[in-house]
Amino acid sequence: MRRMQQAMSIRLPIEDLKVIDEISKKQKEDKSTVLRNFVELGKTYFAITQYKENKISIGKAAEISGLNIS
């Protein structure tokens, strides 16, 4: 896991907070870890959709998502 660099405060809808809390309890992970995992998944999803729409190259998609293409 990467070293944490900076804290960020965000506001989320109550429904999202309930989902995060539920997942946190089921996975036996703290909420921060659950949110970091969501961000990682979101980066991958963003990279895939941008690549699929020919807006970025496969290399850039790999860079954004933090995945190797080899």
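Of the accessible area of the chain, computed with a 1.4 Å probe over protein heavy atoms only, carbon and sulfur atoms account for 55 percent. The residues of the chain have, on average, 91 Å² of accessible surface per residue, using a 1.4 Å probe with all protein chains present. Mean sequence separation of contacting Cα pairs (under 8 Å, at least six apart), scaled by the length of the chain, corresponds to a relative contact order of 19 percent. For the chain, the extents of the C-alpha atoms along the principal axes are 37, 27, 23 Å, listed from largest to smallest.
Take the Cα of Q6, step 7 Å toward its Cβ, do the same at Q27, and the gap between the two points is 2.3 nm.
Among I10, G59, F38, which residue has its Cα positioned farthest towards the positive end of the charge dipole of the chain, with +1 placed on the Cβ of Lys and Arg, -1 on the Cβ of Asp and Glu, and the dipole taken about the Cα centre? The Cα lying farthest towards the positive end belongs to G59. Neighbours of I48, meaning other residues whose beta-carbon lies under 14 angstrom from its beta-carbon, give a summed charge of +1 when Lys and Arg score +1 and Asp and Glu score -1. Of all stretches in the chain that contain no trypsin sites (Lys or Arg not before Pro) in a DSSP loop with at most 14 other Cβ atoms within 10 Å, the longest one is 29-54. Size check on the range 8-49: the Cα extents along the three principal axes, sorted descending, read 29, 22, 19 Å.
Counting only DSSP H runs of at least 4 residues, each contributing -39500 (n - 2.57), and dividing by the residue count of the chain, the helix-based mean residue ellipticity at 222 nm comes to -20500 deg cm²/dmol.
Annotation for the chain: chymotrypsin sites (Phe, Trp or Tyr not before Pro) lying in DSSP loop with at most 16 further Cβ atoms inside 10 Å of their Cβ do not exist.
The values are calculated or read from the model by the stated rules, or taken from the named source; none is laboratory data. Small disclaimer: the values here were computed from a predicted structure and weren't measured. Counting neighbours? That spans all protein chains shown, and the Cβs are built from the backbone with ideal geometry, glycine included. The area values use the complete protein model at the heavy-atom level, side chains included, leaving out ligands, DNA and RNA. Shrake-Rupley method; radii C 1.70, N 1.55, O 1.52, S 1.80 Å.
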